[in-house]
Amino acid sequence: MANRSQVPAARSHGSAAPRLQGSWLTRGADGRFSAHLPRDGGVVRWTEREDGGWTGPDPLGGEGLSAFLAVGQGADRYVHLVGLRPTGGEDDHVELVHSVQFQTGRPAVAWRPIGHSNGKGPWTGDPAVAVDAQGRVYVFVRNGGGGLSVRAQKDAGGWHPWWDLMGSKTDPSPVALTNGSGMVELLSCHAKGLVRYVQREAGAKPLREELVPASVVMGTLAATTGPSGHVTLFYLDGDGRVCAWSPERSLEPTPLGDAVGTGRLAATRCLIDGFDCTVLAQQSADGRLALAAYPSEQESEGIKWSETGDVQGDLSTVLTRGLDGRLVAMALVGGAGLVTTRQKAAAEGLLLEGWRSIG
């Protein structure tokens, strides 16, 4: 059970509230964390020190970006950043731009445009990023037809043309990740159900599978890759329940329990009492962060929520784990201040340290 330690008040920076996709809190090869946010038309980063403190924010360039950032990380621990840059024009055209952080605390490479699936046009959705086992980056975005498109890196450098994955009326904020075989998957939803795009061969175009009928609230999706190597998607249904879906495990859309709020879920795996567990997070109706955990891939156990802190304003939450397997949580509070906590060492259950403000 999570503790109820107080979350520090957020600091105001006077900028538009960022929109975030993917794991914007990343762990480097040396075990230290980096936190990335869009701010003032660029991207900034905080870096964990060896003593557990933080430095930053340090600018990573990206001048002229909107208040959006998608983050993906590969097995090589390289951090891939994708933003949206307005290109002007009457229709508020945007293009996608990409950069990479190769090492914790080091500068990112120059931002380079990768275009848009529509060539030119207004915003159609927020990109999602995944990196396959060979380190190739896949950038997904909803296109002007309401379906999904992807642009992938080539083996020898550069990018393939945009691939149209088909579909229509999909969620503007899909979820992309890599399964245990190193293949990329994209999960989204449609007005009538769930949709999955998955690679069957390394480097290949992801293939769209049949729609699975389900009631899904758009904008609530989160996913993890489980100990079996298969992906599980979490979402809210029309009755306000948290549901799980894992087609490779033959898990049909399955309710886990009632949600505590209406916003987006966050998910990761960590060790609790030595067991591999899946942890979910959501902002509760009273504004606090709530956590729930269950043994990974044992959905029949269901979930029970425990709230932590006393937060005012909207939360954007990311969950991950350290080299020791313990949970690490970070939240963007009110679109401005960053706070973080982690699972207590040598404590039974999911107990958290006190929340700390880092920026």
Reported set for region 167-212 where residues are part of a loop (DSSP other than H, G, I, E, B) and touching an Asp or Glu at 6+ places or on another chain (Cβ under 9 Å) is P172, S173, P174, N179, G182, M183, Q199, A202, G203, P206
Does region 282-295 contain at least one residue that is over 27 Å from A70 (Cβ atoms) and modelled with pLDDT under 95? yes
Hits in region 261-297 - residues which are part of a loop (DSSP other than H, G, I, E, B), of a type outside the set (D, E, K, R), within 20 Å of the chain's Cα centre (by Cα) and closer than 19 Å to L332 by Cβ: G261, T262, G263, L265, S284
Residues in region 293-307 that are closer than 21 Å to S228 by Cα and either in contact (Cβ under 8 Å) with a residue 40 or more places away in the chain or buried (at least 20 other Cβ atoms within 10 Å of the Cβ) (or both) total 7
Within region 117-144, considering residues that are part of a strand (DSSP E or B) and among the small types (G, A, S), the one farthest from the chain's Cα centre (by Cα): A130
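Among what's in region 324-334 and is more than 19 Å from L265 (Cβ to Cβ) and surrounded by 15 or more Cβ atoms within 10 Å (Cβ to Cβ), pick the residue that is modelled with the lowest pLDDT.
Looking at the filtered set, the residue picked out is G334.
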Single residue of region 100-109 satisfying the filter (part of a loop (DSSP other than H, G, I, E, B) and in contact with a strand residue (DSSP E or B) (Cβ under 7 Å, 6 or more places away or on another chain)) that is farthest from P59 (Cα to Cα): T104
Would you check which residues across region 345-356 are over 23 Å from L37 (Cα atoms), more than 22 Å from the chain's Cα centre (by Cα) and in contact (Cβ under 8 Å) with a residue 40 or more places away in the chain and list them? E348, G349, L351, E353
Return yes when G64 is in a loop (DSSP other than H, G, I, E, B) and in contact with a Lys or Arg (Cβ under 9 Å, 6 or more places away or on another chain) and no when it is not. yes
Tally time: how many residues in region 295-326 are over 21 Å from L177 (Cα atoms) and of a type outside the set (K, R)? 16
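The values are calculated or read from the model by the stated rules, or taken from the named source; none is laboratory data. In this text the structure is predicted, and so the values were computed from the model without any measurement. No Cβ is skipped: glycine too gets one built from the backbone with ideal geometry, and neighbour counts run over all protein chains shown.
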